[in-house]
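Undergrad: One structure coming up, written as structure tokens, with questions to follow.
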Amino acid sequence: MTPPRKPPRLQQGDLIGVISPAAAVEAEMLRRGCEAIEHLGFPVRVGTHALNRHRFLAGTDEERAVELMTMFRDPAVRAVFCSRAGYGSGRLLPLLDFAQLAQTPKVFLGFSDITLLLNALLQRAALVCFHGPLVAGQFATGFASRSLTHLLNLLTTGYGEPSLPVPTVLRAGVAEGPLVGGCLSVVVATLGTPFAVETSGTILFLEDVGEKPYRVDRMLTQLKHAGKLEEVAGVVFGEMSGCFGESNEPALLLSVLADIFAEYAYPVGFGLPAGHGGDNFALPLGTCVRLDTRNCQLTFLEPAVE
């Protein structure tokens, strides 16, 4: 993987652009989220097409792709936050000029279906991106104070929490590498495409929501058959909210994960507080991290912004 460029750090008063690259967004939730960002000291420019609707999407593919490119081209816009996820980001990938995007590094924030854009920007444009809250999500509904402080510090100084807990150990060990990944079902959806997530030498982060254990097993088996688990440095799972099956106990899912990774020597941990459910601590994809499942933590080894 080409060493990625980091975006310039944000400062109070910097303009944040808000786009809807995936599913259609509710106007009131978008308004509340933008208002919360403005209360933090950052003026907001909502994209022209952010509230468009085309079937279940926030406008046509062309409208959404142009919006993303426009926000990156505009020197007044210092960061681009996604309004919501849902579905639709993958439809934009063939329409984006990654060479041009590479020339204007800036904070890009989102998660879930936005996983497709995060990893494509990392791999095709060599830009550090941020897996984290959505404008019509946590910004609109409220943050846990530590996760909000972590996000703001990460974007304005490069340093949020020095490490995050990984409470459950599936395979003990220590490994370092660039952080990649995101929503498991979305990562699997890249397989067989030119935008498949590159995992060799990385710390692979995987999380999801509402997937039954057998579906998690199926997706991880597919990643395994595709060779995506062979050369990773380590794997860390999020909290996997709603993925425990009818019993709502983690034992079944953890046994599935233990079986999938039994033949590998690298560290595997579970329970990182990032992604769907919980506090959704922001993660700077493309930066180097250390996964230490002996001490149950993921440590950030470099600043996330310039």
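Undergrad: By its C-alpha gyration tensor, with a ≥ b ≥ c as the square roots of the eigenvalues, how is the stretch 204-306 shaped: rounded for a/c under 1.5, else prolate for a/b larger than b/c, else oblate?
TA: Oblate is the answer for the stretch 204-306, as a/c is 1.5 or above yet b/c matches or exceeds a/b.
Undergrad: Mean residue ellipticity at 222 nm from the helices of the chain, using -39,500 (n - 2.57) per DSSP H segment of n ≥ 4 over the full residue count, to the nearest 500 deg cm²/dmol?
TA: Mean residue ellipticity at 222 nm (helix-derived): -8000 deg cm²/dmol.
Undergrad: Once phi is turned into θ = phi - 60°, what whole-Hz ³J(HN,Hα) does the Karplus curve with 6.51, -1.76 and 1.60 give for every residue of the stretch 231-246, x standing for Gly and Pro?
TA: Computed from phi, the couplings for the stretch 231-246 are 10, 5, 7, x, 10, 10, 9, x, 7, 6, 4, x, 10, 9, x, 5 Hz.
Undergrad: From the phi angles alone, apply the Karplus equation (6.51, -1.76, 1.60; θ = phi - 60°) to the stretch 16-33 and give each ³J(HN,Hα) in whole Hz, x where the residue is Gly or Pro.
TA: Listing the rounded values in order: 10, x, 10, 10, 10, x, 10, 6, 4, 10, 6, 4, 5, 5, 5, 4, 5, x Hz.
Undergrad: What is the fewest-to-most order of 259, 113 by other Cβ atoms lying within 10 Å of their Cβ?
TA: 259, 113
Undergrad: Which of [x] 18.1, 51; [y] 19.1, 58; [z] 19.9, 67 is the computed Rg and Dmax of the Cα atoms in Å for the structure on display?
TA: This structure yields the entry labelled [x].
Undergrad: Let me ask something additional. Kindly rank 160-168, 82-90 from highest to lowest mean number of other beta carbons found within 10 Å of each residue.
TA: By packing density, highest mean first, the sequence is 82-90, 160-168.
Undergrad: Take the chain, connect every pair of alpha-carbon atoms lying under 10 Å apart with a spring to form a Gaussian network, then pick out the residue of 152, 95, 179 with the largest mean-square fluctuation.
TA: 95
Undergrad: Could you tell me which chymotrypsin sites (Phe, Trp or Tyr not before Pro) in the stretch 235-306 are loop residues by DSSP with no more than 15 other beta carbons within 10 angstrom of their beta carbon?
TA: Filter output for the stretch 235-306: empty list.
Undergrad: Moving on. Would you kindly state how much longer the chain becomes between residue 73 and residue 146 on full extension, computed as 0.36 nm times their sequence separation minus their alpha carbon distance, in nm to one decimal?
TA: 23.0 nm
Undergrad: Please determine, in degrees from 0 to 90 and to the nearest 10, the orientation of helix 145-156 with respect to the longest principal axis defined by the Cα atoms of the chain, where the helix direction is its Cα long axis.
TA: 70 degrees
Undergrad: Same structure again: Could you work out the relative contact order of the chain, using alpha carbon pairs under 8 angstrom and six or more residues apart, expressed as a whole percent?
TA: 21 percent
Undergrad: With contacts defined as alpha carbon pairs under 8 Å and 6 or more residues apart, what's the relative contact order of the stretch 15-142 in percent?
TA: 33 percent
Undergrad: Same structure again: What does the net charge come to around residue 166 if you take all other residues with beta carbon closer than 15 Å to its beta carbon, with K and R at +1 and D and E at -1?
TA: With Lys, Arg at +1 and Asp, Glu at -1, the net is -3.
Undergrad: Let me ask you something else. Report ³J(HN,Hα) in whole Hz for each residue of the stretch 81-87, in order, from the Karplus equation J = 6.51 cos²θ - 1.76 cosθ + 1.60 where θ = phi - 60°; Gly and Pro get x.
TA: Result, ordered by residue: 10, 8, 6, 7, 10, x, 7 Hz.
Undergrad: To the nearest 10 degrees, how steeply does helix 251-260 sit against the main Cα axis of the chain, on a 0 to 90 scale?
TA: Between helix and principal axis, roughly 80 degrees.
Undergrad: Over what distance in Å are the Cα centres of the stretch 57-122 and the stretch 138-174 separated?
TA: 23 Å
Undergrad: Okay, next question. Just the number, please: Stokes-Einstein D of the stretch 15-142 in µm²/s, Kirkwood Rh from C-alpha pairs, 10 °C, 1.306 mPa s.
TA: D = 113 µm²/s.
Undergrad: Nearest 10 degrees, 0 to 90: what angle lies between the long axis of helix 213-225 and the longest principal axis of the chain (Cα atoms)?
TA: It is inclined by approximately 90 degrees.
Computed from the coordinates by the stated procedures, all read-outs in this text should not be read as laboratory data. None of the values given here were measured: they were computed from a predicted structure. Don't worry about glycine lacking a Cβ; one is built from the backbone with ideal geometry, like all the others, and counts go over all protein chains shown.
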